[in-house]
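Nothing in this text is a laboratory measurement; each read-out follows from the coordinates by a stated rule. Small disclaimer: the values here were computed from a predicted structure and weren't measured. Because the Cβ atoms are built from the backbone with ideal geometry, glycine has one as well, and the counts that use them run over all protein chains shown.
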Amino acid sequence: MNQPMTFMWNNETAEMAKKAGATGGISETGAYEGEIVSAVYTFGKDGSQSQALELSLDSNGLKANFLRINFLGKDGQQTFGMGLVSALMWVAQVKQAQPQQVQGQNGIEWHCPALVGKKVGLFLQKVLYTKNDGGDGYKFEVRHVFQPGTRKTYAEHAENAPAEAIAALELSMKDKDERIHGGAQFSGSRNAQHGGNPYANQTGGAPQSRLQQNSGQSPIDFDDDIPFAPIGLPFPSHSIYAL
């Protein structure tokens, strides 16, 4: 005869309660605090010198996988994504992050183990777009990086200023609509159904994610020529993509 379980309330079950009803994936514009689960380097193809860091994030049970931050452009020069990586290092309290070779399912991969297991804060804006099959998809753009707990950006930390930037973004930032309807592209804030693989409509020599390599899809054409933005200033939009 099976013995029924006695339920207990403790720290472990409290964390499980936070995840109750979660859809499993980050899907809305907002500020997310979480832990970096993996950090893998990806490289450009067809002569491109671009490089990117591909992250997986766990935010209280909500997952965001294959979040790609392009930090070197096609010509090998730093983009503003390098500022984003630098801000992540500040948040993670990592002074040096060396690449390390790891045997993956499809061969040798370059990982960045120094960032794995670190707590970070990202403000993400959801961008709606039209997939190749005409359906709706979504991706995310990083609008700011902040310190979990304090919610301070690097600029606020450096200037000993109150944490206000993320709260201001929460009040003002809405979804951005870049879907194509009847040959016209719309931008602005609109709610829409979302889903599917946001790696559709991808061309060019930007780094290709491991998931794309497995599925045979082409990579997103990152804007590799956007200049570097120093840490402490509001970041220009930098796309990271969630499945």
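How far apart, in nanometres, would the label points at SER27 and ALA158 be if each is projected 7 angstrom from Cα along the Cα-to-Cβ direction?
For the pair SER27/ALA158, the computed spacing is 3.8 nm.
Taking the simple approach of a point 7 Å from Cα along Cα-to-Cβ for both GLN78 and ASN11, what is their distance in nm?
About 3.9 nm separates the two model spin labels.
For ILE26, what residues show an amide H to amide H distance below 5 Å, using hydrogens built from the backbone and excluding near sequence neighbours?
Residues meeting the amide H criterion: LYS63, ALA64.
Multiply the residue gap between GLN103 and ALA168 by 0.36 nm, knock off their C-alpha separation, and tell me the result in nm, one decimal place.
Extra length from GLN103 to ALA168 when fully extended: 19.1 nm.
Sort 49-56, 113-120, 82-89, 33-40 for me by packing, meaning the mean count of neighbouring Cβ atoms within 10 Å per residue, highest on top.
Highest mean packing first, the order is 49-56, 82-89, 33-40, 113-120.
How big is the antiparallel share of DSSP beta bridges in region 17-85, given as a percent to the nearest 5?
In region 17-85, DSSP labels about 95 percent of beta bridges as antiparallel.
Taking the dipole about the Cα centre of region 25-178, with the C-beta of Lys and Arg at +1 and of Asp and Glu at -1, give me whichever of ALA87, PRO148, GLN100 is farthest to the positive side.
GLN100
Taking the Cα atoms of region 25-178, report the difference between the largest and smallest coordinate on each principal axis, in whole Å and largest first.
Projected onto its principal axes, the Cα set of region 25-178 covers 45, 44, 33 Å.
In region 61-89, which residues have a backbone nitrogen under 12 Å from the label point lying 7 Å from TRP110's Cα in the Cα-to-Cβ direction?
71-72
Straight distance only, please: which aspartates and glutamates reach the Cα of LYS152 with their own Cα at less than 16 Å, same-chain residues fewer than 8 apart left out?
LYS152 reaches GLU33, GLU164, GLU170.
For a Förster distance of 22 Å, can you work out the FRET efficiency between the beta-carbons of ASP133 and PHE43, rounded to the nearest 0.05?
So, using R0 = 22 Å, E works out to roughly 0.20.
What list of ³J(HN,Hα) values in whole Hz, one per residue of region 127-134 in order, does the Karplus curve 6.51 cos²θ - 1.76 cosθ + 1.60 (θ = phi - 60°) give from phi, with Gly and Pro shown as x?
So the Karplus estimates, Gly and Pro as x, are 10, 8, 8, 9, 7, 4, 7, x Hz.
So how strong a dipole does region 89-140 carry about its Cα centre when Lys and Arg Cβ are +1 and Asp and Glu Cβ are -1, to the nearest 20 debye?
Taking the Cα centre of region 89-140 as origin, the dipole is about 280 debye.
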